[in-house]
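Contents: one structure, followed by commentary.
The values are calculated or read from the model by the stated rules, or taken from the named source; none is laboratory data. Computed from a predicted model, the values in this text were never measured in an experiment. Please note: Cβ atoms are built from the backbone with ideal geometry, for glycine as well, and neighbour counts cover all protein chains shown. Ligands, DNA and RNA are stripped out before the accessible areas are found, and what is left, the full protein with its side chains, is counted by its heavy atoms. Shrake-Rupley method; radii C 1.70, N 1.55, O 1.52, S 1.80 Å.
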Amino acid sequence: MKRIIPITAGVALAAACHQVSSQPGVPFQGNIGPMLDGAGSRWDEAQLRGIVANAKITFPDTMMPSFYKTSGYIRPGDAFTGKAGTEPLPPLLTAQEIEDIVAYLLTLTE
Ligand code: HEM
């Protein structure tokens, strides 16, 4: 079943570290990362998809999670089992969720 993430869920995930001034309804917006206002003008669609899917490709030293990374982890764990995880691991977000977030970021042109 296709899981639709409403705009707020995607924004809430980003707001843990980023401010989005067009979303005053999302509380406690973080400032570890830059404001996302204008991200849709600073980056094109492919660049935004790359940043959300695996931010370390664009920002090698970033603490931003890689939301569509399934391998290349260092000693990944298997959820909360205490056991080692086996790659490929499920990505943090589905491809559709990444696309929904990229579509939203492209609207942040100011
Ligand atoms: C769905 C969730 C997220 C989205 C859509 C998102 C999006 C972005 C975008 C578009 C940029 C480039 C900003 C610019 O220069 O214009 C960025 C950078 C950054 N993000 Fe995120 N982000 C998300 C989650 C997070 C989280 C959870 C963290 C913190 C753990 C984070 C930390 C950062 C940092 C630190 C940068 C600056 C790059 C650097 O490390 O130098 N992001 N993010």
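Before moving on, here are some points about what is shown:
- The condition of being open to solvent by 70 Å² or more (accessible area, probe 1.4 Å), touching a helix residue (DSSP H, G or I) at 6+ places or on another chain (Cβ under 9 Å) and within 12 Å of the ligand (Cβ to nearest atom) does not hold for Gln29.
- Residue match in the range 34-43 (condition: more than 9 Å from the ligand (Cβ to nearest atom), more than 14 Å from Tyr104 (Cβ to Cβ) and open to solvent by 80 Å² or more (accessible area, probe 1.4 Å)): no
- If you go through the range 11-21 and keep only what is at pLDDT below 90 and open to solvent by 70 Å² or more (accessible area, probe 1.4 Å), you end up with just Leu13.
- Residue within the range 52-61 that is closer than 19 Å to Glu99 by Cβ, hydroxyl-bearing (Ser, Thr, Tyr) and modelled with pLDDT under 85 present: no
- When Leu92 is tested against the conditions (1) open to solvent by less than 60 Å² (accessible area, probe 1.4 Å); (2) without any contact (Cβ under 8 Å) to a residue 40 or more places away in the chain; (3) within 11 Å of the ligand (Cβ to nearest atom); (4) not small (Gly, Ala, Ser), the lone failure is (1).
- Just one residue in the set Ala103, Ala14 is under 13 Å from the mean Cα position of the chain (by Cα) and near the ligand (Cβ under 10 Å from one of its atoms); that residue is Ala14.
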